[in-house]
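*Asks:* Got a structure here, written out as structure tokens. Questions coming.
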Amino acid sequence: MDQDNKFEYEEDVIHEVVIVGAGIAGLAAALALKRVGIKSLVLERSSELRAFGTALHIFQNGWRALEVLGVADKLDKTYNDFITNMASVSNTETGSRQYVSSSGVGADSSVTLRIRPIHRKFLMETLAEELPPESIKFLCKLLKMRTEVLKDSSTIYVLYLEDGSVIKAKVVIGCEGVNSVVSQWLGLKPPISSGRSAVRGVGLYPQGHDFQKEHQQFVGNGMKAGFIPISNTEIYWYLNKVSTPQDQEMARVPEMIKSEVMETTKEFPLEYKQVVSHTDLSTLTIAPLLFRVPWNIVFGPSHRDCVTVTGDAFHPMTPDIAQGGCCALEDAVVLARNIANTRHNVSHGIEMYVKERRWRAARLVAASYISGMLGHWKASGMLGSVLESFRNSVFNWILHSKYGSLNYDCGTLPVAANS
């Protein structure tokens, strides 16, 4: 305890709920709790809201969560013109191209596929605007945490921050991403590398572009890439590739990233290279793709009493089926609903949340990893056809299965007790 003497405690303040991390997962969790009448304090390590990545795809399951959170209408006003029900996957080696429309894959018309491309920063700001200004504290990096038993035998959690301050809470929700301190405290095994890295950027067209509202994807030569319009002047693009020792150095030099992508994708279609050539260098990022193995999600310690995790702190996944953000939004609604339904036994509510989420999250992580790896394997002839068929089967399974469906409904929230 001597090391703890350097920290400054808040006097007699015990917060009901502390959320660590003000990304999409943390802000959504705070808003969901607010909707059921529960106040929370959000701790963010940065000096402002900061989005890692430029844009994300919101499928029907994520949009349903945003509707429950009460912000879908605000987002719809900005992005309604860029909703698409068309996606395509082109194999740059074989020349084949598969289309996925609102009627599903192939002849199956039982599934609705709608993709809403949204700026990450705008989504975060929209969520934050629904919260009281004092509910987010910036420059609050969590270093460690411990439990403390009070005189009435109840347990609270003591959070030690980098600036020397200490915050106490009855409930702690870790939403601080793949390097979550809360997930480490719970005992969850760390995410592992997929062996791949993701490059992301935005192509700018000040005079406007003439690309159709379609998510175009390309696989081949051990890579997976794509682009989709997010405004009249912006095209979001990405490239998932095998990691190299030079990635870390490139991350500090945007010009190197762009040059490497142009060289690596020289065999890709002209329209993709054109989008990359229009890239705003300030939007370029490159990062390794990490994921938590599915059995650690299902059987790992993702909750302990009144502590749990959501989003990438719970189930980090590769971006190959664009479900990381959507899954975090689902988490927020399911967590708030279970806590609200067990207000006098929050620990049980958190346990029910984990039981409801772990299988779906694990299957999405597995499907994303498999889809990504199949897209990166080099194969031709009959083997290439088999792999392509298997990849399509995986996507069909995602669309239709109970735990994998992109039409998954996270449910509703109960009416707040004080409303």
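*Asks:* Testing Tyr157 on (1) closer than 27 Å to Arg50 by Cα; (2) hydroxyl-bearing (Ser, Thr, Tyr); (3) not in a strand (DSSP E or B), one condition comes back false. Which one is that?
*Replies:* With (1) closer than 27 Å to Arg50 by Cα; (2) hydroxyl-bearing (Ser, Thr, Tyr); (3) not in a strand (DSSP E or B) applied to Tyr157, the lone miss is (3).
*Asks:* Would you be able to tell me the number of residues in region 11-58 that are of a type in the set (S, T, N, Q), in contact with a strand residue (DSSP E or B) (Cβ under 9 Å, 6 or more places away or on another chain) and at pLDDT below 95? Let's see the steps before the verdict.
*Replies:* As a first pass, look at region 11-58 and keep what is of a type in the set (S, T, N, Q): 40, 46-47, 54.
Subset that is in contact with a strand residue (DSSP E or B) (Cβ under 9 Å, 6 or more places away or on another chain): 40, 54.
If we keep only those that are at pLDDT below 95 too, we end up with 54.
Here the count works out to 1.
*Asks:* Can you find, within region 203-225, the residue that is surrounded by the fewest Cβ atoms within 10 Å (Cβ to Cβ) among those that are modelled with pLDDT of 95 or more and part of a strand (DSSP E or B)?
*Replies:* Top of the filtered list is Leu204.
*Asks:* I'd like the residue in region 249-275 that is among the β-branched types (Val, Ile, Thr) and either within 22 Å of Ile228 (Cβ to Cβ) or touching a Cys at 6+ places or on another chain (Cβ under 7 Å) (or both) and, out of all such residues, is most open to solvent (accessible area, probe 1.4 Å).
*Replies:* The residue in question is Thr264.
*Asks:* Can you report the number of residues in region 68-91 which are of a type outside the set (A, V, I, L, M) and open to solvent by less than 30 Å² (accessible area, probe 1.4 Å)?
*Replies:* Going through region 68-91, the residues of a type outside the set (A, V, I, L, M) turn out to be 70, 73-74, 76-82, 84-85, 88, 90-91.
Add one more test, that the residue is open to solvent by less than 30 Å² (accessible area, probe 1.4 Å), and what stays is 79, 82, 84, 88, 90-91.
Count: 6.
*Asks:* Take Ser183 and decide whether it is surrounded by 12 or more Cβ atoms within 10 Å (Cβ to Cβ), of a type in the set (S, T, N, Q) and modelled with pLDDT of 95 or more.
*Replies:* Values: surrounded by 12 or more Cβ atoms within 10 Å (Cβ to Cβ): yes; of a type in the set (S, T, N, Q): yes; modelled with pLDDT of 95 or more: yes.
Yes; evaluated as a whole, the condition is true for this residue.
*Asks:* Can you say whether Ile230 is surrounded by 19 or more Cβ atoms within 10 Å (Cβ to Cβ) and farther than 25 Å from Gly311 by Cβ, as far as the supplied structure shows? I'd like the intermediate steps shown before the answer.
*Replies:* On the way: surrounded by 19 or more Cβ atoms within 10 Å (Cβ to Cβ): yes; farther than 25 Å from Gly311 by Cβ: no.
No: the conditions fail for Ile230.
*Asks:* A follow-up question, please. Leu413 fails exactly one of the following numbered conditions: (1) of a type outside the set (Gly, Ala, Ser); (2) modelled with pLDDT of 90 or more; (3) over 25 Å from the mean Cα position of the chain (by Cα). What is the number of that condition?
*Replies:* Failing condition for Leu413: (3).
*Asks:* Turning to a different aspect of this structure: Looking at (1) open to solvent by less than 20 Å² (accessible area, probe 1.4 Å); (2) in contact with a Lys or Arg (Cβ under 8 Å, 6 or more places away or on another chain); (3) among the polar types (S, T, N, Q), can you tell me which one Thr54 breaks?
*Replies:* In the conditions (1) open to solvent by less than 20 Å² (accessible area, probe 1.4 Å); (2) in contact with a Lys or Arg (Cβ under 8 Å, 6 or more places away or on another chain); (3) among the polar types (S, T, N, Q), Thr54 misses (1) alone.
*Asks:* Now for a separate question. What number of residues within region 291-322 satisfy the criterion of being in contact with a Ser or Thr (Cβ under 6 Å, 6 or more places away or on another chain), open to solvent by 10 Å² or more (accessible area, probe 1.4 Å) and part of a strand (DSSP E or B)?
*Replies:* The qualifying residues number 1.
*Asks:* I've got another one for you. Filter region 323-372 down to residues that are touching a residue at least 24 places away in the same chain (Cβ under 8 Å), open to solvent by 20 Å² or more (accessible area, probe 1.4 Å) and assigned to a helix (DSSP H, G or I), then give me how many there are.
*Replies:* 11
*Asks:* Can I ask one more? Report every pair of residues separated by at least 6 positions or lying on different chains whose Cβ atoms are under 9 Å apart, first residue within region 256-277 and closer than 22 Å to Gln212 by Cα, second charged (D, E, K, R) and assigned to a helix (DSSP H, G or I).
*Replies:* Final answer for the pair search is Thr265/Lys273; Val276/Lys258; Ser277/Lys258.
The values are calculated or read from the model by the stated rules, or taken from the named source; none is laboratory data. These numbers were taken from a predicted model, which means no experiment stands behind them. Please note: Cβ atoms are built from the backbone with ideal geometry, for glycine as well, and neighbour counts cover all protein chains shown. Note: areas computed on protein heavy atoms with side chains; ligands, DNA, RNA excluded. Shrake-Rupley method; radii C 1.70, N 1.55, O 1.52, S 1.80 Å.
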